[in-house]
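Report on the following structure.
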Amino acid sequence: MRSYPLARRPQGFGQIGRGHKVTTYPFSPRTNGGKGMALSQGWVKRYFKAFCKGFFVAVPVAVTFLDRVACVARVEGASMQPSLNPGGSQSSDVVLLNHWKVRNFEVQRGDIVSLVTMGHKNRYVKVPRGHIWVEGDHHGHSFDSNSFGPVSLGLLHGHATHILWPPERWQKLESVLPPERLPIQSEEDCLRGSP
Amino acid sequence: MLRGVLGKTFRLIGYTIQYGCIAHCAFEYVGGVVMCSGPSMEPTIQNSDIVFAENLSRHFYGIQRGDIVIAKSPSDPKSNICKRVIGLEGDKILSNSPSGFFKSHSYVPVGHVWLEGDNLQNSTDSRYYGPVPYGLIRGRIFFKIWPLNDFGFLRDSPNGHRFSDD
């Protein structure tokens with residue numbers, strides 16, 4: 001028959017041991033400090049690990065979404081009146097810029113588009129292959145292809161499809177080509193061989 | 001068992017999306033490995049060479065004359081071109097005709113750069129399609145990884161003294 005000696009230490013009571021360090025109950029001051037500190041360190045480390053994990057998931061996904069799918073932008077200026085910002089400086093429209101729709105660089109005449117910014121004047125301009133001609137709706141007050149010429153399709157950033165703000169102006173933006181701004185001669189005309 | 005498979009599938013999709021997004025951010029804002037094809041940058045970059053491109057400079061307007069850049073092609077936005085920056089906006093570019101008879105010059109417009117390949121005989125570049133908008137530049141190539149016998153930083157232009165900014 002074996003016996004299990006109870007080791008008694010001066011600082012604690014009710015301590016059960018088998019010769020090596022075990023939990024003391026109740027906690028004595030010395031071991032309580034060590035044990036408490038170990039617990040709080042573990043807590044901080046776990047929190048930090050969870051934060052890093054969340055950060056490296058959330059930030060790339062959000063950035064990729066804003067770059068590739070859609071983002072939101074405030075319209076400034078009067079160059080697109082009356083379709084956008086009809087109220088002038090009182091209320092700026094907020095539009096949805098749809099990157100996903102232009103991922104294959106497909107746009108139609110009449111679409112409202114946003115362009116990556118940059119930095120020529122003839123009466124008639126031939127728009128080269130792979131380029132587009134963009135104009136603001138408000139002719140006198142627009143810095144557009146009339147100033148900087150046709151724009152390369154690779155600069156296409158997004159297709160503004162909706163007005164999101166203010167709520168009373170919530171609408172889908174229609175693709176409309178003003179009749180006085182129709183191309184003089186389109187590609188189809190050339191192919192058909194019209195006079 | 002179906003729930004196990006479904007769970008695994010969703011986890012796989014989740015990881016794919018997450019790593020895809022990290023890859024997009026890495027290439028868009030830091031840099032990546034690129035394989036070049038075509039003869040227009042010989043002898044600096046040969047066909048099927050693998051190079052390292054950094055995409056930070058373009059965000060800070062740090063592209064300089066003499067840099068080799070990757071840009072979206074002006075005539076086909078879905079493909080990329082790899083050329084050297086010969087002129088920045090405002091620079092005067094000397095354009096030689098093949099016979100050397102007419103030496104005319106033009107100025108690079110605001111917001112554009114003038115690109116030329118190192119292999120002048122066999123390169124379609126700004127001499128053909130004109131100045132290229134700065135916004136089409138995607139990154140700067142600065143280091144060659146493959147082939148190993150040409151490992152290291154890229155050389156200066158073999159066509160030297162084509163820069164003119166007086």
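The values are calculated or read from the model by the stated rules, or taken from the named source; none is laboratory data. Here the structure is a predicted model, which means the values were calculated and not measured. Virtual Cβ from ideal backbone geometry, glycine too; neighbours counted across all protein chains shown. Ligands, DNA and RNA are stripped out before the accessible areas are found, and what is left, the full protein with its side chains, is counted by its heavy atoms. Shrake-Rupley method; radii C 1.70, N 1.55, O 1.52, S 1.80 Å.
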Handout entry: For chain B, with +1 on Lys and Arg beta carbons and -1 on Asp and Glu, the positive-most of B:V69, B:A23, B:T124 along the dipole
Key = B:A23
Completion exercise
Of every hundred units of 1.4 Å-probe accessible area on segment B:57-159, the number belonging to carbon and sulfur atoms, as a percent, is 54
Exercise for the section: Could you order B:S48, A:S145, A:S79 by accessible surface area, starting with the largest, using a probe radius of 1.4 Å? Expected result: B:S48, A:S79, A:S145
Fill in the blank from the handout: chain B, Gaussian network, Cα under 10 Å: of B:F27, B:F151, B:F52, the residue fluctuating most is B:F151
Exercise for the section: Would you mind counting up the charge near B:F143? Only other residues with Cβ under 14 Å from its Cβ, with Lys and Arg at +1 and Asp and Glu at -1. Expected result: -1
Fill in the blank from the handout: In degrees, nearest 10, the alpha-carbon axis of helix B:2-29 is tilted away from the dominant principal axis of the alpha carbons of chain B by 20
Practice task
Enumerate the amide H contacts of B:W146 below 5 Å, restricted to partners 5 or more residues apart or on another chain; note that Pro and chain-start residues carry no placed amide H.
Solution key: B:I50
Completion exercise
Comparing each residue of segment A:125-167 in the complete protein assembly with the chain by itself (heavy atoms, probe 1.4 Å, ligands and nucleic acids ignored), those losing at least 40 Å² of accessible area are A:S152, A:G154, A:L155
Completion exercise
Ranking A:R46, A:R68, B:R58, B:R84 from most to least accessible area with a 1.4 Å probe gives A:R46, A:R68, B:R58, B:R84
Problem - For chain B, diffusion coefficient by Stokes-Einstein and Kirkwood Rh (Cα), 25 °C, 0.890 mPa s, µm²/s - result: 139
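Would you compute, from DSSP H runs of 4+ residues alone, the mean residue ellipticity of chain B at 222 nm, taking -39500 (n - 2.57) per run and dividing by the full residue count, rounded to the nearest 500?
It comes out at -6500 deg cm²/dmol, rounded to the nearest 500.
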Completion exercise
With a 1.4 angstrom probe the carbon and sulfur portion of accessible area for segment B:1-53, in percent, totals 71
Handout entry: Minimum 10 Å² accessible area buried by the other protein chains, segment A:51-83 residues, probe 1.4 Å, relative to alone
Key = A:F56, A:V57, A:P60, A:V61, A:V63, A:T64, A:D67, A:R68
Fill in the blank from the handout: Phi-derived 3J(HN,Hα) across segment B:36-53 with the Karplus relation (6.51, -1.76, 1.60, θ = phi - 60°), rounded Hz, x for Gly and Pro, is 9, 10, x, x, 6, 10, 5, x, 5, 10, 8, 4, 6, 7, 10, 10, 10, 10
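Nearest 100 Å² is fine: how much accessible area is buried between A and B, summed over both sides, with a 1.4 Å probe?
Summing both chains' loss of accessible area gives about 1600 Å².
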Exercise for the section: Determine the relative contact order of segment B:40-163: mean sequence separation of Cα pairs under 8 Å and six or more apart, normalised by residue count, in whole percent. Expected result: 34
Problem - Amide H partners (placed H, <5 Å) of B:D67, local residues excluded - result: B:V85
Fill in the blank from the handout: Answer in debye to the nearest 20: the dipole magnitude of segment B:1-152 about its Cα centre, from +1 Lys/Arg and -1 Asp/Glu charges placed on Cβ, is 540
Problem - Rounded accessible area per residue of segment A:67-173, 1.4 Å, Å² - result: 61
Completion exercise
Across all Cα atoms of segment A:44-112, Rg and the largest Cα-Cα distance (Dmax), in Å, are 18.6, 57
Exercise for the section: At a 1.4 Å probe radius, which order do B:D67, A:D67 fall into by accessible area, largest first? Expected result: A:D67, B:D67
Problem - Estimated FRET transfer efficiency when R0 is 25 angstrom, pair B:D150-B:F60 (beta carbons, to 0.05) - result: 0.30
Completion exercise
Convex hull around the C-alpha positions of segment B:1-87: the volume in Å³ per residue is 133
